[in-house]
């Protein structure tokens, strides 16, 4: 009994002390905050893409142009594409939280393409573009700095 007490130290709140486990078990490590930020950004991308998909589905219909022509616009295809992108981003965010390499790759891809896309939009919305580019760079930085946290491929 005294031998067991010798190996476990009391810690305020009951956290942070050594735990007994099977031989060879990997010690639990905290996920860096920048990785959590990257995952949350992937969830935000997924939410915006889902919203875009819903708007595309709702925007399908008949319109009358200024010249009086009746036009039918079908955005269902783009809605499906946006929904697929939303699913990919959602899974990538979950995978980043789990430490998977799929999330790392897709996070790099989405943040890189997002930064390039907003570079093009600087003349139209300079403040928004700079903010979004900064967020994309932060995601890339977090994924690059803590890439050793992810599983080996």
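Structural remarks
- Matching residues, segment 89-113, being closer than 18 Å to residue 52 by Cα, touching a residue at least 24 places away in the same chain (Cβ under 8 Å) and surrounded by fewer than 21 Cβ atoms within 10 Å (Cβ to Cβ): 90
- Of residues in segment 131-151 being over 16 Å from the mean Cα position of the chain (by Cα) and without any contact (Cβ under 8 Å) to a residue 12 or more places away in the chain, the one farthest from residue 108 (Cα to Cα): 131
- Filter result for residue 71 (loosely packed, with under 14 Cβ neighbours inside 10 Å and touching a strand residue (DSSP E or B) at 6+ places or on another chain (Cβ under 9 Å)): yes
- Residue 58 being loosely packed, with under 14 Cβ neighbours inside 10 Å, touching a helix residue (DSSP H, G or I) at 6+ places or on another chain (Cβ under 7 Å), at pLDDT below 90 and over 30 Å from residue 151 (Cβ atoms): no
The values are calculated or read from the model by the stated rules, or taken from the named source; none is laboratory data. Just so you know, these numbers come straight off a predicted model, no measurement behind them. Methodologically, a virtual Cβ is constructed for each residue, glycine included, from the backbone with ideal geometry; neighbour enumeration extends over all protein chains shown.
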